[in-house]
Each structure stands twice: as C-alpha cells, then as structure tokens.
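Participant: I am attaching a structure below and will ask some questions about it afterwards.
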Amino acid sequence: MQDPLVYIRSFLNQSLTLFSRHCQLCLGPSDNTSDICSACQADLPWLGQHCAQCALPLPEATSSTLCGSCLTQPPAFRQVVVPFVYRFPLDSLIPAFKYHHQLAYGRLLSPLLIEAIRHHYAERDQALPDRLIPMPLHRQRQAQRGYNQAFELARPVARALQIPLDRHSLLRHQSTPAQQGLSARERRRNLRDAFYCPQPQALTGLHLAVLDDVVTTGATANEVSRTLLHAGAASVSIWALARTP
C-alpha cells in the first residue's frame with residue numbers, strides 16, 4: 001500500500017497550483033502577494049511630478065510646487081492624493097468599474113490606492129483625516145447604476161486605514177447632467193449648490209477626506225470641499241485612483 005503522505009503531498013501540490021495567484025492584468029503568475037504582478041505594476045501610469053495641491057501632472061515640480069491654476073484661483077481642498085495618471089489601462093479599468101458593474105476592478109486597484117495614501121501622509125508627517133466620505137451620487141443615479149462606485153472603493157480603504165466611513169454627512173440633492181464632455185466652466189456651473197450637509201454641526205473642526213474615482217478638472221472636488229468647509233469642517237483632502245493630465 002502506498003504511503004498516505006504521498007497522497008497528501010500530491011493534494012497539497014494540486015491545491016497550491018489551483019489557488020496560486022495570477023496577475024489580473026497579464027494573466028501570468030504573480031510574483032508577489034498582489035493580484036498585479038511586479039512587471040505590470042511597474043508599467044502602470046504612476047503619477048510623477050505634480051502640483052502639490054491639485055495633483056495635476058507637471059513636467060517639473062517639487063513637493064511644494066503649485067500649478068498656475070492653484071496659484072491664481074486656490075481651490076477649497078487642501079490636497080489631492082492619487083497614485084495614477086488617467087491613462088491606459090486605468091482609462092479602461094475605471095470606466096468598467098464605474099459603469100459596468102465590474103466591481104472586481106475596484107478591489108484590484110484599492111490596495112495600490114491604500115499604499116499611496118499611507119506613503120503620502122507618512123512622507124509629509126501628516127495625520128490621517130478624521131473621517132472618510134465617499135463622493136455621493138444622487139439617489140436617482142444610484143438607483144439606475146445599482147451602486148456607488150466611490151462607496152465600493154471607500155470601504156476597503158477605510159477598513160485598511162482604520163478611518164470611520166461616513167455616508168451621511170454629505171449628500172447630493174441635485175441630479176445634475178453627466179460631467180463628461182463639459183468644459184471646466186460648464187462643470188462648475190453644473191455643480192453649483194449640488195451638495196449639502198444635513199447635519200453640519202457634526203462636522204465642526206474635523207479633517208475630512210472625500211474619495212472619488214477620478215479627478216478631472218477638480219470642479220467636483222472643489223464644490224464638495226466648499227460645501228464641507230461651509231458646514232464647519234477644518235480641512236478637506238481629496239483621494240482618488242487617478243488624475244487626468
């Protein structure tokens with residue numbers, strides 16, 4: 001009779017092969033504990049030099065460089081923290097996550113966002129915010145889509161960073177037309193008074209982070225920050241997966 005240990009070793013080897021990690025981008029075997037292999041991670045469009053406030057990619061910048069727009073018209077938010085520029089494959093993964101129920105892409109990218117946030121705050125010796133607020137959708141649009149992609153992304157981020165997740169302090173009471181395709185001025189006009197805080201007294205003196213999928217012109221980020229500061233928040237930071245160039 002064959003040694004039972006042979007069967008056990010065979011079973012373990014088959015199990016390890018079956019459940020070994022594979023890169024979700026190239027489908028090859030992953031060489032780390034992530035769902036994206038090291039080579040694919042290196043090829044992602046990481047944000048390089050950028051504006052210290054709005055994270056706009058710049059050809060040359062230091063940790064305190066501000067872009068022309070932030071110098072002439074300072075936004076209401078304190079800073080934007082993003083790991084990526086909105087280029088391939090992010091410009092395919094994020095729309096699939098946002099519009100086509102591909103929630104797995106959010107789970108794929110959230111660990112990279114978490115690490116970028118940790119690095120940003122440790123490097124600048126900043127305390128993490130008091131609360132994390134997912135960018136709200138109007139209830140009509142959320143009913144049509146079936147979920148809020150910002151909330152789906154915020155859940156693992158809040159859990160990993162041990163920050164309270166707040167879905168109720170910032171709401172959207174206008175179902176505005178989609179921002180896509182609008183100019184910066186049209187986006188600002190489109191968002192005017194689109195958000196409100198139902199219990200502003202609960203935000204007094206708090207440092208907040210608002211999480212979205214992509215920062216484009218910064219119009220949405222600025223409007224929610226203005227709303228939260230008016231309600232009494234001490235500061236607002238914007239977290240997102242990517243920044244458009």
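Participant: Give the residues of the stretch 107-136 that are touching a strand residue (DSSP E or B) at 6+ places or on another chain (Cβ under 6 Å), aliphatic (A, V, I, L, M) and either at pLDDT below 95 or farther than 16 Å from ALA242 by Cα (or both), sorted by residue number.
Facilitator: The answer is LEU132, ILE133.
This table checks each residue for (1) in contact with a Leu (Cβ under 9 Å, 6 or more places away or on another chain); (2) touching a residue at least 12 places away in the same chain (Cβ under 8 Å); (3) at positive phi.
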site: PRO57; (1), (2), (3): yes, yes, no
site: GLU60; (1), (2), (3): no, no, no
site: LEU66; (1), (2), (3): no, yes, no
site: VAL81; (1), (2), (3): yes, yes, no
site: PHE84; (1), (2), (3): yes, yes, no
site: SER92; (1), (2), (3): no, no, no
site: LYS98; (1), (2), (3): no, yes, no
site: LEU113; (1), (2), (3): yes, yes, no
site: ALA122; (1), (2), (3): no, no, no
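Participant: Still on this structure, I have one more. Could you tell me which numbered condition PRO129 fails, if it satisfies all but one of (1) exposed (fewer than 15 other Cβ atoms within 10 Å of the Cβ); (2) outside any helix (DSSP H, G or I)?
Facilitator: Evaluating PRO129 over (1) exposed (fewer than 15 other Cβ atoms within 10 Å of the Cβ); (2) outside any helix (DSSP H, G or I) leaves (1) as the failure.
Participant: List the residue pairs whose Cβ atoms are under 9 Å apart, where the first residue sits in the stretch 32-43 and is over 17 Å from GLY106 (Cβ atoms), the second is surrounded by fewer than 17 Cβ atoms within 10 Å (Cβ to Cβ) and basic (Lys, Arg), and the two are 6 or more positions apart or on different chains.
Facilitator: ASN32/ARG21; THR33/ARG21; CYS37/ARG21
Participant: Residues that are open to solvent by 20 Å² or more (accessible area, probe 1.4 Å), on the phi < 0 side of the Ramachandran plot, outside any helix (DSSP H, G or I) and in contact with a Phe, Trp or Tyr (Cβ under 9 Å, 6 or more places away or on another chain): does the stretch 141-157 have at least one?
Facilitator: The answer is no; no qualifying residue exists.
Participant: Please enumerate the residues belonging to the stretch 212-240 that are modelled with pLDDT of 95 or more, open to solvent by less than 30 Å² (accessible area, probe 1.4 Å), out of contact with any Phe, Trp or Tyr (no Cβ under 6 Å at 6 or more places or on another chain) and of a type in the set (A, V, I, L, M, F, W, C).
Facilitator: VAL215, LEU228, ALA231, ALA233, TRP239, ALA240, listed by residue number.
Participant: Among the numbered conditions (1) at pLDDT 85 or above; (2) within 19 Å of the chain's Cα centre (by Cα); (3) assigned to a loop (DSSP other than H, G, I, E, B), tell me where ALA209 comes up short.
Facilitator: ALA209 satisfies every listed condition except (3).
Participant: A further question follows. Would you confirm whether or not the stretch 91-105 contains a residue that is in contact with a strand residue (DSSP E or B) (Cβ under 7 Å, 6 or more places away or on another chain) and closer than 20 Å to ILE238 by Cα?
Facilitator: So far as the stretch 91-105 goes, yes, one or more of its residues are in contact with a strand residue (DSSP E or B) (Cβ under 7 Å, 6 or more places away or on another chain) and closer than 20 Å to ILE238 by Cα.
Participant: For the stretch 225-245, which residues satisfy the criterion of being over 16 Å from the mean Cα position of the chain (by Cα) and aliphatic (A, V, I, L, M)?
Facilitator: LEU228, LEU229, ALA231, ALA233, ALA234
Participant: If THR72 passes every condition in (1) hydroxyl-bearing (Ser, Thr, Tyr); (2) exposed (fewer than 15 other Cβ atoms within 10 Å of the Cβ); (3) over 21 Å from ARG155 (Cα atoms); (4) touching a helix residue (DSSP H, G or I) at 6+ places or on another chain (Cβ under 9 Å) but one, which one does it miss?
Facilitator: Just one mismatch for THR72, condition (4).
The values are calculated or read from the model by the stated rules, or taken from the named source; none is laboratory data. In this text, all values refer to a predicted model and were calculated from it rather than measured experimentally. Please note: Cβ atoms are built from the backbone with ideal geometry, for glycine as well, and neighbour counts cover all protein chains shown. Quick note on the areas: whole protein, heavy atoms, side chains included, nothing else; ligands and nucleic acids left out. Shrake-Rupley method; radii C 1.70, N 1.55, O 1.52, S 1.80 Å.
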